[in-house]
Amino acid sequence: DVQLVESGGGSVQAGGSLRLSCAVSGFTDRRYCMGWFRQTPGKEREGVAVVSGDMTAYTDSVKGRFTISLDSAKKIMYLQMNELKPEDTAMYYCAAGTRFCSPYDIGWVNDWGQGTQVTVS
């Protein structure tokens, strides 16, 4: 099993920035895709961004504002979030799964982190 632990959430004013981190341990596969999802009460979990090898993809609502990256040496995935908006407020979840991944699909995910809260006011 893959263990995923998120950190870096918090409260920030609109227009500000946060960087989320996801530490990865346990089984890893270089073919794996990793990504970030978010969820607010009463809504389904929404894809934000994914990274697999040199490929990255973003949902339209965050494209140009968020950047996903991997530090392979430290085994940490990051989500740099700039120009934050109140509608970005959500619990953000780290995810890992197959290399056939998309921020518009949740079916590829095999493992989830516990989440880190982001609040934008």
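The values are calculated or read from the model by the stated rules, or taken from the named source; none is laboratory data. Quick caveat, the model's predicted, so the values are computed rather than measured. Note that each Cβ is placed from the backbone with ideal geometry, even for glycine, and that neighbours are counted across all protein chains shown. Only protein heavy atoms, including side chains, enter the accessible area calculation; ligands, DNA and RNA are left aside. Shrake-Rupley method; radii C 1.70, N 1.55, O 1.52, S 1.80 Å.
State the antiparallel share, in %, of DSSP beta bridges confined to the chain, rounding to the nearest 5.
Looking only at bridges with both residues in the chain, the antiparallel portion is about 95 percent.
Report, to the nearest whole %, how much of the accessible area of the chain belongs to carbon and sulfur atoms, 1.4 Å probe, protein only.
Reported share for carbon and sulfur atoms: 47 percent.
Hey, how many Å between the Cα centroid of the range 74-114 and the Cα centroid of the range 1-58?
The distance from the Cα centre of the range 74-114 to that of the range 1-58 comes to 3 Å.
Taking 2.2 N^0.38 Å as the expected size of a compact globular protein, what ratio does the Cα radius of gyration of the chain give against it, to two decimals?
0.97
What does the charge dipole of the chain about its Cα centre add up to, to the nearest 20 debye, if the Cβ of each Lys and Arg holds +1 and the Cβ of each Asp and Glu holds -1?
With only Lys, Arg, Asp and Glu charged at Cβ, the dipole is about 180 debye.
Measuring with a 1.4 Å probe in the full set of protein chains, what accessible area per residue, in whole Å², belongs to the chain?
With all protein chains present, the chain gives 54 Å² per residue.
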